[in-house]
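Okay, so here's the structure we're looking at.
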Amino acid sequence: MSILKIGVVEDELVIGRTILNTLNELGYSHCGPAISYTEAMEMLEQDKPDLLLLDIQLSGKKDGIDVAEKLNELYHIPFIFLTANSDGETIDRAKKVKPHAYIVKPFTKEELYAAIEIAFSNFAGNRKNADQAQTGRHPAKAYMFVRDGYVFRKIFFNDLLYLESDANYVTLHLKSQKKVMVRSTLNDFIEQLDPEMFIRIHRSYSVNINQVDDVFPTEIAVDGIKIPVGKSYKEDLFKALGIKEA
């Protein structure tokens, strides 16, 4: 499990370090600061951030809007413009590249956190809807982001053993023995997962079928943990595992 990585593109190093310190306080991972278009491109290629905080004014001929154009063309990650300029001309230029948020300096820690959370949440939701419209189903991918307190955490499906439901909350049980609780029903949450990897086995449990070790008459073992199997789910479980009952 890893936390959301924020890339910082800011040509004023004092401000850049302040932003990094704020990201630390909020619990985010980060990379940068890059101070120019060239450094921003290098950071995107090498560090692969999940979201970019992008100053419009940068060192060199190309500015943050040029970076944003390349983001939209090649990287397809959300970005937030940071700028001291709130004049109409700057805003009109910024609108053309469709930033996911726009923060005017100076800003508070709370304002930065809210902008990151909303920008990433909206980006993830829009990407999910676009993929579904094109394919008619949820896209297969290796990870998902879930909100855990102040941060979005990246969880790789291969690290996710099983899901346990308790009313309107779902607990994610990971290989590392860590647990992450999210506010959701089990039905709603598993709709975000690859149906070929995760299967419902009980009204309160869904499991990663790749992590099933043993199958017993009324339960299964996942990483040494026994989980009950509901009668109405047994047939689908056996089918997913390729088991034929005698």
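Assorted remarks:
- Of the residues making up the range 35-73, those that are among the β-branched types (Val, Ile, Thr) and part of a helix (DSSP H, G or I) are Thr38, Ile65, Val67.
- The residues in the range 87-103 that are in a loop (DSSP other than H, G, I, E, B) and either within 15 Å of Ala119 (Cα to Cα) or of a type in the set (S, T, N, Q) (or both) can be counted, and the count is 4.
- Evaluation of Val182 against (1) over 19 Å from the mean Cα position of the chain (by Cα); (2) surrounded by fewer than 18 Cβ atoms within 10 Å (Cβ to Cβ); (3) modelled with pLDDT of 80 or more (one fails), failing number: (1)
- Long-range neighbours under 9 Å by Cβ, at least six apart or interchain, first residue within 15 Å of Leu52 (Cα to Cα) within the range 3-20, second among the polar types (S, T, N, Q) and in a loop (DSSP other than H, G, I, E, B): Asp11/Gln57
- Cβ-Cβ under 8 Å pairs, at least 6 apart or on other chains, the range 99-119 side within 22 Å of Arg153 (Cα to Cα), far side exposed (fewer than 13 other Cβ atoms within 10 Å of the Cβ): Lys109/Glu25
- Qualifying residues in the range 9-28 (those that are under 17 Å from Glu110 (Cα atoms) and outside any helix (DSSP H, G or I)) - the one least open to solvent (accessible area, probe 1.4 Å): Tyr28
- Residue within the range 186-195 that is modelled with pLDDT under 95 and touching a helix residue (DSSP H, G or I) at 6+ places or on another chain (Cβ under 6 Å) present: no
The values are calculated or read from the model by the stated rules, or taken from the named source; none is laboratory data. Source: prediction; values computed, not measured. As a convention, Cβ positions derive from the backbone with ideal geometry for all residues, glycine included, and neighbour counts pool all protein chains shown. The protein model used for the area step is the full one, side chains on, heavy atoms only, and it has no ligands, DNA or RNA in it. Shrake-Rupley method; radii C 1.70, N 1.55, O 1.52, S 1.80 Å.
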